[in-house]
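J.: Take this structure first; my questions come after.
The values are calculated or read from the model by the stated rules, or taken from the named source; none is laboratory data. No experiment lies behind these values; they were computed from the predicted model shown. For neighbour counting, all protein chains shown are included, and Cβ atoms are generated from backbone atoms with ideal geometry for every residue, glycine included. Just so you know, the surface numbers come from the protein's heavy atoms only, side chains and all, with ligands and any DNA or RNA stripped out. Shrake-Rupley method; radii C 1.70, N 1.55, O 1.52, S 1.80 Å.
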Amino acid sequence: MAKDFEILKMGLGIAWLTIWFLVIPVSIIAIIVTIFKLIKRKSKLVKYTVILSPFLILPILNIAMAIKDYSLGEAKLKLVGYPAPEFANINQEYRIENKSLGCSFTGTEYLTAFRYNQTVKYLIKKFGYQNNSFTGFMPTKEIAVQLLSTGYYEIGNLKFGKNEIIIIEYNSEFFQIDLKDQHELVRKTIMESDLNSNPKLKIVEKCLIIQLNSTWIYLIELENKKIIAQYRI
């Protein structure tokens with residue numbers, strides 16, 4: 001039994017070590033070899049090679065994390081790749097934000113991020129949007145452009161206040177947007193542009209569609225003063 005335990009410990013140790021160093025084929029081989037050796041010895045520890053392997057534990061942990069985050073209203077889709085400016089947009093279908101895992105795909109994402117995302121998407125489809133999600137009108141880029149075309153849009157007034165506060169006036173109403181509370185990619189496209197003092201805008205179901213500069217259209221959730229999307233035009 002002691003020998004069986006040593007085989008199990010060695011196999012799992014190699015599997016866990018190599019998977020974190022992104023040598024996934026070695027990790028797979030370590031598990032297979034360990035199972036083969038234990039079966040050959042007719043050991044009762046074979047099942048623990050599977051139960052304690054990273055190929056089972058990592059997906060289970062990420063599924064559990066997804067359930068917890070969804071229940072707390074904190075779930076985000078985990079994506080790999082260089083985040084372009086529109087990465088800041090909340091997902092049109094699931095109404096949650098994206099989270100960057102970096103630029104490089106390692107392979108462990110199949111066990112971690114992919115399982116997490118699958119669980120979050122399932123929960124949203126099954127039980128509805130997570131808490132604090134914006135559930136109102138959210139136009140696509142094409143519809144937003146159309147709404148700000150001739151015959152649809154209206155004109156507002158825009159001022160840039162202190163401490164990165166944008167003040168939008170429309171029909172005697174004032175909306176203050178704090179750029180420090182926005183996604184960094186959204187803040188960047190606004191701060192690095194020349195803002196239009198009389199922007200085109202349209203309000204549809206608590207969603208402010210506005211062209212703050214010559215390059216971008218922004219969708220602003222009026223209730224929470226949150227910029228939920230930016231579309232390059």
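J.: Pull up segment 1-41, narrow it to residues that are charged (D, E, K, R) and touching a helix residue (DSSP H, G or I) at 6+ places or on another chain (Cβ under 8 Å), then point me to the one that is surrounded by the fewest Cβ atoms within 10 Å (Cβ to Cβ).
T.: If we take residues in segment 1-41 being charged (D, E, K, R) and touching a helix residue (DSSP H, G or I) at 6+ places or on another chain (Cβ under 8 Å), then ARG41 is surrounded by the fewest Cβ atoms within 10 Å (Cβ to Cβ).
J.: Take the residues in segment 191-207 that are aliphatic (A, V, I, L, M) and not in a strand (DSSP E or B); name whichever of them is most open to solvent (accessible area, probe 1.4 Å).
T.: Result: MET191.
J.: Sort out which residues of segment 150-163 are open to solvent by 40 Å² or more (accessible area, probe 1.4 Å) and of a type outside the set (A, V, I, L, M), and write them in order of number.
T.: THR150, GLY151, TYR152, TYR153, GLU154, ASN157, LYS159, PHE160, LYS162, ASN163
J.: Could you identify the single residue in LEU195, LEU222, LEU212 that is more than 23 Å from ALA84 (Cβ to Cβ) and aliphatic (A, V, I, L, M)?
T.: One residue alone meets the criteria, LEU222.
J.: Which condition from (1) farther than 30 Å from ARG187 by Cβ; (2) free of Cβ contacts under 8 Å to residues at least 24 places away in the same chain is the one that ILE63 breaks?
T.: (2)
J.: Ok, one more. Step by step: first the residues of segment 208-220, then only those that are modelled with pLDDT of 95 or more and not aliphatic (A, V, I, L, M), then the one that is most open to solvent (accessible area, probe 1.4 Å). Which residue is that?
T.: GLN211
J.: Take the residues of segment 106-121 that are closer than 14 Å to MET65 by Cα and hydroxyl-bearing (Ser, Thr, Tyr): which is modelled with the lowest pLDDT? Give the steps one after another, and end with the answer.
T.: To start, the set of residues in segment 106-121 that are closer than 14 Å to MET65 by Cα comprises 111-121.
After this cut, where a residue has to be hydroxyl-bearing (Ser, Thr, Tyr) as well, the list is 112, 116, 119.
Working: THR112: 94, TYR116: 98, THR119: 98.
Result: THR112.
J.: Can I ask one more? Restricting to segment 169-186, give me the number of residues that are more than 17 Å from LYS99 (Cβ to Cβ) and within 19 Å of the chain's Cα centre (by Cα).
T.: Within segment 169-186, residues that are more than 17 Å from LYS99 (Cβ to Cβ) and within 19 Å of the chain's Cα centre (by Cα) number 1.
J.: Further question on the same structure: Return the total of residues in segment 185-213 being without any contact (Cβ under 8 Å) to a residue 60 or more places away in the chain and farther than 16 Å from LEU148 by Cβ.
T.: Total meeting the criteria: 7.
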